[in-house]
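Heads up: the structure comes next, in structure tokens.
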Amino acid sequence: MAYTFISPVRLETWITDGTYMSPYARLAARPVSGLTGNPKITDIPRPFTLLVNGTTVTAVQTPYQDDLADADYYYLGGHSYTITDAEAQILIDAGYGDSVTPV
């Protein structure tokens, strides 16, 4: 049986004034500074890549080309894949079962 896997995303909370996203604003207890106007909090969906080596699955936000080359296989963030039973089982065992759907 084949499966569809959609690589997951995580929501990151950022503070913005509508034109500028402060990457440091998502850290807890940080004061909002350097933003003009009326700062707002927003959630930004950030896809991440899954690197698979054997039965080990590692999630990375920004993989290096060497990381991709060294992996047995990988799933780039924000993409949909058709995968085999064995690949599906590895992802389910790693906790990504919500993203695996039978075709």
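How high is the FRET efficiency between ILE6 and ASP93 when r is their beta carbon distance and R₀ equals 22 Å, given to the nearest 0.05?
0.80
Taking 7 Å along the Cα-to-C-beta vector as the label spot, tell me the VAL103-ALA86 distance in nanometres, rounded to one decimal.
According to this spin-label approximation, the distance is 1.7 nm.
Just so you know, all these numbers are worked out from the coordinates, no wet-lab data involved. What you are looking at is a predicted structure, and each value in this text was computed from that prediction instead of being measured. Positions of Cβ are backbone-derived with ideal geometry, glycine not excepted, and every protein chain shown enters the neighbour counts.
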